[in-house]
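In what follows, a structure is listed as structure tokens, so that the remarks can point back to it.
The values are calculated or read from the model by the stated rules, or taken from the named source; none is laboratory data. Just so we're clear, the structure is a prediction, and the values are computed from it rather than from any experiment. Every residue, glycine as well, gets a Cβ built from its backbone with ideal geometry; the counts of neighbours run over all protein chains shown.
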Amino acid sequence: MFLNVLHLELNKAYHRLLPWVSLSVVAFIVLGVSTALFLYNMLVPGTHNVSSLTWPGCFVFGLNYAIGSSAWNSYGTYALIIITGVIFAQEYSWGTIRLWLSKGIARSELFCAKGVLALCTALLIVGVCIVSVGLLSLFFSFQLQHSLQLDRLDVIQLLLAYIRTAYALLPYAALTLLLVVLSRSSMIAVGGAIAFSTIIEPLLRSMAPRLGQIFAHGVFFLPSGLASTLASQNYTLAHMQVEANALQPTQYQAILGVACYTLLFFLLALWKFRHQDMAK
């Protein structure tokens, strides 16, 4: 039964225009920034490290734009929040959820399908970032290095980086689902999740060092700090040394922390969804 519900959810969501427009915008931004850096390097040689424009370093660049090393360039995170929040919230206003429930679909199955849909969207977003920057950098690599240096590309590390980056996005997807269930509004859910990522987390990071060592260390356990720890391992793709921060959690702590945030937000949303009055 669950697989049937999941198939319906995936089919319904990905036959809409919003996911593909959002993915296209992310790809356009990544390609635009890469092209601008390439042209600048051609005009003023030596001013930019070309490793982010050529294989295999370009993949690190693409992954950074999926999860974001800072709030201003977390385009993949924003796309995930928008797609997840708008598609789910509109089903409240359109009466789709009431329709599915009236056909005997269990609430838990329906909501879990929403969660899997968010996971698939995260995988799609990261995949688009990798493929778009990888294809464009084929041209850049031949222009700047006259070869692809395929011998330096570790496919296993690329796959691990892909999974790691998509995994780091999950707390924001789960938070968006929770805000949709609580508000039934796409504007509140999307705005709240983006505000958490762009305002609340950066504000806490800037204030924490002034409050003492404990707070300075604790801020790295926010979702963005855990994502940064996981993303730091992506630099092994470019054969670059990972700079360790004594305040950062370990990789295992980051993996566990992301799981805890995701499960907390998701289970809270599931509990609320199971007890929600759909007649209102």
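Do you know which residues across the range 2-52 are at negative phi and outside any helix (DSSP H, G or I)? Walk me through how you get there before you give the answer.
Taking the range 2-52 as the starting set, the residues that turn out to be at negative phi are 2-45, 47-52.
HIS15, ARG16, VAL44, PRO45, THR47, HIS48, ASN49 - these are the residues of the range 2-52 that are at negative phi and outside any helix (DSSP H, G or I).
Taking the criterion of being within 26 Å of CYS58 (Cα to Cα), among the aromatic types (Phe, Trp, Tyr), out of contact with any Ser or Thr (no Cβ under 9 Å at 6 or more places or on another chain) and touching a residue at least 24 places away in the same chain (Cβ under 8 Å), would at least one residue in the range 220-236 satisfy it?
yes
Considering (1) in a helix (DSSP H, G or I); (2) without any contact (Cβ under 8 Å) to a residue 40 or more places away in the chain, say which one GLN248 fails and leave the rest.
(1)
Among the residues of the range 166-173, is there at least one that is of a type in the set (Ser, Thr, Tyr), crowded, with 22+ Cβ neighbours inside 10 Å, in contact (Cβ under 8 Å) with a residue 40 or more places away in the chain and over 22 Å from VAL60 (Cα atoms)?
No, that holds for no residue.
Could you identify the single residue in PHE38, PHE2, PHE59 that is within 30 Å of ASP277 (Cα to Cα) and either surrounded by 22 or more Cβ atoms within 10 Å (Cβ to Cβ) or touching a residue at least 24 places away in the same chain (Cβ under 8 Å) (or both)? Spell out how you get there, then give the answer.
Details: PHE38 fails: within 30 Å of ASP277 (Cα to Cα); PHE59 fails: within 30 Å of ASP277 (Cα to Cα).
Only one candidate qualifies: PHE2.
Among the residues of the range 208-245 satisfying the criterion of being in a loop (DSSP other than H, G, I, E, B) and surrounded by fewer than 20 Cβ atoms within 10 Å (Cβ to Cβ), which is modelled with the highest pLDDT?
So the first thing to find is which residues in the range 208-245 are in a loop (DSSP other than H, G, I, E, B), and the list is 212, 222, 239-245.
Then keep just the ones that are surrounded by fewer than 20 Cβ atoms within 10 Å (Cβ to Cβ); that gives 212, 239-245.
Working: GLY212: 80, HIS239: 67, MET240: 68, GLN241: 67, VAL242: 65, GLU243: 65, ALA244: 63, ASN245: 69.
Per the stated criteria, the residue is GLY212.
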